[in-house]
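Novice: What follows is a single structure, and I will ask about it in a moment.
The values are calculated or read from the model by the stated rules, or taken from the named source; none is laboratory data. Since the model is a prediction, treat every value here as computed from it, not as a measurement. Cβ placement follows ideal geometry from the backbone for every residue including glycine, while neighbour counts extend to all protein chains displayed.
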Amino acid sequence: MQVYLVGGAVRDEQLGIPHRERDWCVVGATPAELEAAGYRRVGKDFPVFLHPDTHEEYALARTERKTAPGYHGFAFDTSPEVTIEDDLSRRDLTINALAKDANGRLIDPHGGLADIASRKLRHVSDAFTEDPVRILRVAKFAARFHQLGFSIAPETMALMRRMVDDGEIDALVPDRVWQETENALRGANLRVYFEVLRECGALRALFPEVDALFGVPQPEQWHPEIDTGLHVMMVLDQAEAMSNDLEVRFAALVHDLGKGTTPKLQLPSHRGHELRGCRLIRQVSERLPVPRGCRDLALLVSEFHTHCHRALELRPSTLLKVLERGDAFRRPERFEQFLVTCEADARGRAGLEDREYPQADHFRGALRAAMSVDAGHIAAETDKRHIAKAIRKARAAAIAAFCETAQAPP
C-alpha cells in the first residue's frame, strides 16, 4: 500500500500559500484492508475513509467512466491495480493533478508544475467535458487565484463553451450550482467567477437574470459606466471590500435584476425596476436553494435601495416607513446589512468608488431616534386600541426632531 498527498495541498505548497486541508490517495489497497487498519468509511459513491487519528480523508485511487449525463453519471474502478497516474488523469485541471509520495517526490504526469509557473488554468484531458461541475470549479479557481495572475488557457475556455453549447450545463443540479456559487461569493475576487461564467456562456444558462443585465444602458448622469451588468460587477467589488457577509454579497449581485426587464422604449430610465427585481429574486430563489436570509435581504435591498440613496430628501414619515418595512426595530442587524449593500451600490460606479455616503448614517440616526421612544410607557398610558398608532406617531416625531437637528447648520 502506498499513500500520496494529492490535489490542492500539493498545488498550494508549490504556490507558497497555506492549504486549507489535506487529501490523500491510497494505491494498492482494498476497502477491507483500510477498515482493518482502523479507517472509517464515509464515501457513498466510491470508497473514502477517515484516518483513525487525524480524521483526514483517504480515498482509494480510482478511474471513472461516464455512464449518464450530469454530476452523478459515472462508474468507478477502485481496484488495487489503479495507479497514482491513473488517478491523477481523472482530475479537472493540471494544477490539481499533482501528488507527492512519502519521500517528498512529486508526481506530475500532466504538466501541472509548468502551468503553476506560467499561471495557467488548463484542463487535464477531454474527459473534462464529462462533468459540468468543472465549469463552475474553473470559474471558482479563476477568482481564487486571480491576484496571483492566473488565467484560463484558451483551449480550456473553448472546451467550456462547447460544453455549454452541447447542453451539458443543463445537467447541473440546483444544489451543486448554489454550492459552488456560495463558495465563490464567500471568497475573493468574486466578480471574476461571474465574468468567467459569462465568457463561456454558462451565466446565461444558470443565472439568466444576471446575464440579461449586460448591455442594458443606464443614465450616464448617475452611472458613468452606463452598462448595468458592468455596474453590478463593480457593486460586487465594493461589497467584497466592505463585508464578508454572504447575504450582503448576494444582495449586491441581484439588487438591480429588474433593470434587465425594462421596456426598451423606457431606456435608459428604469422606472419601477425595484419591484420588478423582487419578482426576479423570488424566481432565482425558487430555482436554486438560496438561503432565506440571502433572499430576504436581497428583496429588501431591491425594493428600497433607491429610497436609501434619497435618504437626505425623504420626509420623516417615509424614513419611518422604510424602517418599518425593513423590520429595523426587531432586526437592526439586518437593516445594517441593507445599509452596507446600498452603500456598495452607490460606490459601484465608474469614478465614484470613493464617494461619501451620508445617507447610511442618516438612516442610522433616524433609527436611533425612533428606538429612543419608550414604547412600554406609551402602551401603559394609551388605550390598547390605539397603542400601535401612538407609538408610530411618537417615532415619527422623534425622527422629525432628528432630521431638524441633522439639517441644522453647524
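Novice: If a residue has to be crowded, with 19+ Cβ neighbours inside 10 Å, in a helix (DSSP H, G or I) and more than 30 Å from the chain's Cα centre (by Cα) to count, how many in region 304-318 make the cut?
Specialist: Counting residues in region 304-318 that are crowded, with 19+ Cβ neighbours inside 10 Å, in a helix (DSSP H, G or I) and more than 30 Å from the chain's Cα centre (by Cα) gives 1.
Novice: Right, something else. Looking at A114, A158, A143, which one is over 18 Å from the mean Cα position of the chain (by Cα), within 20 Å of Q14 (Cβ to Cβ) and modelled with pLDDT of 95 or more?
Specialist: On the way: A158 fails: within 20 Å of Q14 (Cβ to Cβ); A143 fails: over 18 Å from the mean Cα position of the chain (by Cα).
That would be A114, the only listed residue that is over 18 Å from the mean Cα position of the chain (by Cα), within 20 Å of Q14 (Cβ to Cβ) and modelled with pLDDT of 95 or more.
Novice: Then there is this: Taking the stated definitions as given, is H19 modelled with pLDDT of 80 or more, surrounded by fewer than 17 Cβ atoms within 10 Å (Cβ to Cβ) and in a loop (DSSP other than H, G, I, E, B)?
Specialist: yes
Novice: Need pairs with beta-carbon distance below 8 Å; first residue among the hydrophobic types (A, V, I, L, M, F, W, C) and within region 343-364, second modelled with pLDDT of 95 or more and not in a helix (DSSP H, G or I); sequence gap 6+ or separate chains.
Specialist: Every condition considered, the pairs that remain are A344/S243; A346/Y357.
Novice: Let me ask another. Could you say which residue among V301, V284, V290 is in a helix (DSSP H, G or I), out of contact with any strand residue (DSSP E or B) (no Cβ under 8 Å at 6 or more places or on another chain), surrounded by 14 or more Cβ atoms within 10 Å (Cβ to Cβ) and touching a residue at least 60 places away in the same chain (Cβ under 8 Å)? First the steps, then the outcome.
Specialist: Numbers: V301 fails: touching a residue at least 60 places away in the same chain (Cβ under 8 Å); V290 fails: in a helix (DSSP H, G or I).
Being in a helix (DSSP H, G or I), out of contact with any strand residue (DSSP E or B) (no Cβ under 8 Å at 6 or more places or on another chain), surrounded by 14 or more Cβ atoms within 10 Å (Cβ to Cβ) and touching a residue at least 60 places away in the same chain (Cβ under 8 Å) holds for just one of V301, V284, V290, which is V284.
Novice: To continue, here is another question. Could you please give the count of residues in region 96-127 that are surrounded by 20 or more Cβ atoms within 10 Å (Cβ to Cβ) and either within 18 Å of V164 (Cα to Cα) or of a type in the set (G, A, S) (or both)?
Specialist: Going through region 96-127 one residue at a time, the tally reaches 5.
Novice: Report whether or not A142 is surrounded by 16 or more Cβ atoms within 10 Å (Cβ to Cβ), in contact with a Ser or Thr (Cβ under 8 Å, 6 or more places away or on another chain) and either touching a residue at least 40 places away in the same chain (Cβ under 8 Å) or of a type in the set (D, E, K, R) (or both).
Specialist: So A142 fits the description; yes.
Novice: Look through region 71-96, keep the residues that are of a type in the set (S, T, Y) and over 23 Å from L159 (Cβ atoms), and return whichever of them is modelled with the lowest pLDDT.
Specialist: Checking each candidate, the answer is T78.
Novice: Right, here's the next one. Output the number of residues of region 248-281 satisfying the condition of being more than 23 Å from A205 (Cα to Cα), in a loop (DSSP other than H, G, I, E, B) and either touching a helix residue (DSSP H, G or I) at 6+ places or on another chain (Cβ under 8 Å) or among the aliphatic types (A, V, I, L, M) (or both).
Specialist: Residues flagged as more than 23 Å from A205 (Cα to Cα), in a loop (DSSP other than H, G, I, E, B) and either touching a helix residue (DSSP H, G or I) at 6+ places or on another chain (Cβ under 8 Å) or among the aliphatic types (A, V, I, L, M) (or both) within region 248-281 amount to 3.
Novice: Looking only at residues in region 137-163 that are among the β-branched types (V, I, T) and in a helix (DSSP H, G or I), which one is nearest to F250 (Cα to Cα)?
Specialist: Selected residue: V138.
Novice: Identify the residue in region 293-308 that is touching a His at 6+ places or on another chain (Cβ under 7 Å) and not small (G, A, S) and, among all such residues, is farthest from G272 (Cα to Cα).
Specialist: Out of the qualifying residues, it is V301.
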